[in-house]
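The values are calculated or read from the model by the stated rules, or taken from the named source; none is laboratory data. If you're wondering where the values come from, they're calculated on a predicted model, not measured in any experiment. In this analysis, Cβ positions are derived from the backbone assuming ideal geometry, glycine residues included, and neighbour counts consider all displayed protein chains. Accessible surface is based on the protein model in full, side chains and every heavy atom, while ligands, DNA and RNA are left aside. Shrake-Rupley method; radii C 1.70, N 1.55, O 1.52, S 1.80 Å.
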Amino acid sequence: MELHNALKKAGLDPVKVALSSVKQLYAMTESQLLEFKYSLIADAFQFHYSNNAFYRSACEDKHITPEVIKSADDLIKIPLIPINLYKANDSHKLLSKSLKSIELEMRSTGTSGIPSVSRRCSETVDNAILGIYAMYREFFEISKGAGLYLCPSNEEIPEMGMIKALNMMAGMLDTHQFMVKNESFAPEDALEQLARWENKFDRHIIGPPFLINRFIRYLKATNKKIKLDKNTLIITLGGWKRFSGEMLSRKEFNDECIEFLGVQQNQIRDIYALVESNVVAIDDEHGVKHVSPYIHFSVRDPKRLEQEVAIGEVGQLAILDPLSCSTPGFILTEDLVRLLPKKQGDLRSGQRVEYVMRLPESLEFGCCAVNLDKQLDDTEELHTETCPVIA
Amino acid sequence: MKKDIGTLMYNDIIIKNFTEPHNVGDLESADYEIEIGNPVCGDRIKVQLLVTDKVINKAVFRAWGCATSVATANIFCSSIAGEAYDNISQRQPLEIGQMLGELEPSQQHCVEILVELHQKLADTISSGVV
């Protein structure tokens, strides 16, 4: 709180300072970082409590006021918004600011077919963009190269959260191509594009895992193996589960990337993110996922949501996100995760997370990547049905 | 200091109809039901109607999706409640689109939604399918 107060006294926004100081935050001691996160979250809680009638009413029902949140140990008391409220047709009640202040509406559509819609004011958009880019730089250090996007562009699916987040990386590259167009993906075209970039750019492949897996299946089926570059990154976000329910194992995916794309383990990086939150959690070179250092993960016992599980145990993820100004960033997700302990030699403070699965009770088991996966299958089926050649 | 006015994403018509959607609801015994959806962005609207002698006595909806599509459903229901179907069927696409006010580019698909709702209404009443 001392740092937070000092920043405010100096006329600085502590959130903006945090967003521009990712490396420095990770270098803090654990207790310093937790204290600073607490101060950001407490400030955000005060704001939403004061400006959101729906949220304040929920807090009062639980006898929680800003005065109750006195330390990091009290963060568990902050009331959480179930993530499915972002699908409700009265989701305007989540807003802590007028609808007139909303600059961007983002969505994600999973298997239920009902979109989850999040609305961001200008300040939240600023925070989200700063946060995403800061984390990209911290973990990918990308500033050049060619990006092969195995997903559609935002031109095809405006305001789709996953696509937007991945698209932002394009601005740091020298060139990029989207290989999913009009709900169709031709892996041979992707292969040709990679060949055109060979020896001209470091080549990166970016997209949901199952769409990258489609490309690998093509390579496998045509008995091809390629050798990407020593600085290549395979960057994935979302889409670990197909629309059919089939789960792609991370190990299997990594092994196939190594075999067919010619990369090393440390070149395969996954991102965990939600359209409803401004958090990103990104793999380091050892495959350990680090949570944005200004956001707090609280892993709850699914049967007793008021209690956290121990480090290493699986629980239901709650996110405390102080970057969100338009809605309370205190969300109970439907994701089961575990927080991992810090290992010897890992220099970053903060939280490390391993995604496990969606809650079995959840109607959703994916993000918009699931729909992309299904659409591509549907398109292929249509082509097969109309193709005069018998397979 | 940056003013928090965003880029005025929603016009006043949309704001009012999204934040005060007075036609939200369900009918125990609907005479007709129409539903439209977009599998890509996920916008989905279900409308239930009470109709007597081709007059729309009551129209309620459930909608999921962007604010503008939810508002569109409310605007549609408001515009047809108490109206004779023959009058509604005279509406032209241009007139229909203007019901939503000036929209941002990312919201233009809602004009198509509103036109489609009118078309579905025509198809439903003509066929008599609940």
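Conditions tested, residue by residue: (1) at the interface with chain B (Cβ under 8 Å from one of its Cβ atoms); (2) without any contact (Cβ under 8 Å) to a residue 24 or more places away in the chain; (3) surrounded by 20 or more Cβ atoms within 10 Å (Cβ to Cβ); (4) not hydrophobic (A, V, I, L, M, F, W, C).
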site: A:79; (1), (2), (3), (4): no, no, no, yes
site: A:85; (1), (2), (3), (4): no, yes, no, no
site: A:89; (1), (2), (3), (4): yes, yes, yes, yes
site: A:96; (1), (2), (3), (4): no, no, yes, yes
site: A:101; (1), (2), (3), (4): yes, no, yes, yes
site: A:105; (1), (2), (3), (4): yes, no, yes, yes
site: A:108; (1), (2), (3), (4): no, no, yes, yes
site: A:115; (1), (2), (3), (4): yes, no, yes, yes
site: A:119; (1), (2), (3), (4): yes, no, yes, yes
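Within the stretch A:273-316, which residues are free of Cβ contacts under 8 Å to residues at least 40 places away in the same chain, charged (D, E, K, R) and open to solvent by 10 Å² or more (accessible area, probe 1.4 Å)?
A:285, A:301, A:303, A:304, A:313
Any residue in the stretch A:268-284 that is part of a loop (DSSP other than H, G, I, E, B), more than 14 Å from the chain's Cα centre (by Cα) and hydrophobic (A, V, I, L, M, F, W, C)? Steps first, please.
Going residue by residue through the stretch A:268-284, those that are part of a loop (DSSP other than H, G, I, E, B) are A:274-279, A:284.
When the remaining residues are screened for being more than 14 Å from the chain's Cα centre (by Cα), the result is A:284.
Now narrow it down to the ones that are hydrophobic (A, V, I, L, M, F, W, C): none.
No - not one qualifying residue is present in the stretch A:268-284.
Restricting to the stretch A:325-346, count the residues that are part of a loop (DSSP other than H, G, I, E, B) and either hydroxyl-bearing (Ser, Thr, Tyr) or in contact with a Pro (Cβ under 9 Å, 6 or more places away or on another chain) (or both).
So the count comes out to 4.
Report yes if some residue within the stretch B:103-119 is in contact with a Pro (Cβ under 6 Å, 6 or more places away or on another chain) and not polar (S, T, N, Q); otherwise report no. Lay out the reasoning, then the answer.
In the first step, residues of the stretch B:103-119 are kept if they are in contact with a Pro (Cβ under 6 Å, 6 or more places away or on another chain); the result is B:106, B:115.
Okay, now just the ones that are also not polar (S, T, N, Q), so B:115.
Yes, because at least one residue in the stretch B:103-119 is in contact with a Pro (Cβ under 6 Å, 6 or more places away or on another chain) and not polar (S, T, N, Q).
Which is free of Cβ contacts under 8 Å to residues at least 12 places away in the same chain and more than 14 Å from chain B (Cβ to nearest Cβ), of A:221, A:165?
The unique qualifying residue is A:221.
I want to confirm something. Restricting to the stretch A:347-368 and keeping residues that are modelled with pLDDT of 90 or more and part of a loop (DSSP other than H, G, I, E, B), which single residue is surrounded by the most Cβ atoms within 10 Å (Cβ to Cβ)?
Out of the qualifying residues, it is A:351.
Report those helices (runs of 4 or more DSSP H) wholly inside the stretch B:13-130 carrying at least 2 residues which are within 16 Å of residue A:99 (Cβ to Cβ) and open to solvent by less than 70 Å² (accessible area, probe 1.4 Å).
Values: elements: B:67-80, B:85-88, B:93-98, B:109-127.
Fully inside the stretch B:13-130 and qualifying: B:67-80.
Pairs, please: C-beta under 7 Å, at least 6 apart or cross-chain, first residue within 12 Å of another protein chain (Cβ to nearest Cβ) and in the stretch B:56-85, second part of a helix (DSSP H, G or I) and charged (D, E, K, R)?
From the stretch B:56-85, the pairs are B:64/A:87.
Would you check if residue A:123 is farther than 20 Å from residue A:317 by Cα, modelled with pLDDT of 95 or more and open to solvent by 40 Å² or more (accessible area, probe 1.4 Å)?
Taking the combined requirement at face value, the residue satisfies it.
Would you tally the residues in the stretch A:21-52 being of a type in the set (Gly, Ala, Ser), touching a residue at least 24 places away in the same chain (Cβ under 8 Å) and surrounded by fewer than 18 Cβ atoms within 10 Å (Cβ to Cβ)?
Of the residues in the stretch A:21-52, the ones of a type in the set (Gly, Ala, Ser) are A:21, A:27, A:31, A:39, A:42, A:44, A:50.
Retained after the next criterion (residues that are touching a residue at least 24 places away in the same chain (Cβ under 8 Å)): A:27, A:39, A:42, A:44.
Next, only the ones that are surrounded by fewer than 18 Cβ atoms within 10 Å (Cβ to Cβ) stay: A:27.
Here the count works out to 1.
For the stretch A:298-326, which positions are polar (S, T, N, Q) and in contact with a strand residue (DSSP E or B) (Cβ under 7 Å, 6 or more places away or on another chain)?
At the first step, the residues of the stretch A:298-326 found to be polar (S, T, N, Q) are A:298, A:307, A:316, A:324, A:326.
Once the filter is applied, which keeps residues that are polar (S, T, N, Q) and in contact with a strand residue (DSSP E or B) (Cβ under 7 Å, 6 or more places away or on another chain), the stretch A:298-326 yields A:298, A:307, A:316, A:326.
Residue A:70 is checked against (1) away from chain B (no Cβ under 14 Å); (2) charged (D, E, K, R); (3) in a helix (DSSP H, G or I) and fails just one. What number does that condition carry?
Status for residue A:70: all satisfied but (3).
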